[in-house]
Amino acid sequence: MSLNASAFDYAMSCLDDDAPPYFVLLPETNLGSVYRGDTIILPIWEARDQRGVLIPLESATVWFTAKVDLSDADTDPPTIQRSTGVGGAIVVDAALGLYQITINPSATQNLEGNTTFIFDVQVRTLTPITATVKRGILTVVEDVTRTSA
């Protein structure tokens with residue numbers, strides 16, 4: 001169903017130009033630098049949508065994806081993916097929307113040079129609602145030891 005021109009004009013005239021936007025981009029989280037080949041345990045985060053509304057995680061799936069280039073497919077190396085479905089993402093407290101991501105050493109062990117990843121976290125609930133709840137950057141820096149301890 002589409003609005004006719006007069007209905008659209010009326011709706012636009014009702015907008016409050018001083019009102020904040022309904023959807024606001026999530027702030028970018030800078031996780032800093034970690035060493036290649038280390039286990040990376042990210043902080044416990046709270047799942048909130050772009051409006052700041054808490055997303056309970058009962059029966060939800062949490063995905064963490066980190067890429068060097070956003071145009072890469074989710075399966076292209078050196079993309080890092082962790083989820084509650086395949087491992088590396090856990091729900092700490094479902095009612096409070098708390099979750100945590102762990103990145104295994106093998107995900108970064110073979111990187112050549114310092115590598116900056118762009119990441120996001122998406123949540124899919126049973127309703128089904130899919131929401132991006134976190135985004136940011138993580139830099140993996142070279143270290144001396146290349147063998148797994």
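The values are calculated or read from the model by the stated rules, or taken from the named source; none is laboratory data. Just so you know, these numbers come straight off a predicted model, no measurement behind them. Note: ideal-geometry Cβ built from the backbone for every residue, glycine included; neighbour counts use all protein chains shown.
If you check 73, 89 for being among the small types (Gly, Ala, Ser) and without any contact (Cβ under 8 Å) to a residue 12 or more places away in the chain, only one passes: 73.
Among the conditions (1) of a type in the set (Lys, Arg); (2) more than 19 Å from residue 33 (Cα to Cα); (3) crowded, with 17+ Cβ neighbours inside 10 Å, the only one that residue 51 does not satisfy is (3). Going residue by residue through the range 30-45, is there one that turns out to be in contact (Cβ under 8 Å) with a residue 12 or more places away in the chain, acidic (Asp, Glu) and not in a loop (DSSP other than H, G, I, E, B)? Checking the range 30-45: not a single residue is in contact (Cβ under 8 Å) with a residue 12 or more places away in the chain, acidic (Asp, Glu) and not in a loop (DSSP other than H, G, I, E, B).
Between 31, 25, 70, the distinction of being modelled with pLDDT of 95 or more and either closer than 26 Å to residue 146 by Cα or in contact with a strand residue (DSSP E or B) (Cβ under 9 Å, 6 or more places away or on another chain) (or both) belongs to 31 only.
Among 104, 114, which is out of contact with any Leu (no Cβ under 9 Å at 6 or more places or on another chain), surrounded by fewer than 15 Cβ atoms within 10 Å (Cβ to Cβ) and not hydroxyl-bearing (Ser, Thr, Tyr)? Just a single option satisfies the conditions, and that option is 114. Annotation note: Cβ proximity below 8 Å between a residue of the range 50-63 that is of a type in the set (Val, Ile, Thr) and a residue that is surrounded by 15 or more Cβ atoms within 10 Å (Cβ to Cβ) and not in a strand (DSSP E or B) (sequence gap 6+ or interchain) occurs for 55/47; 55/49; 55/97; 55/125; 61/84; 62/47; 62/84.
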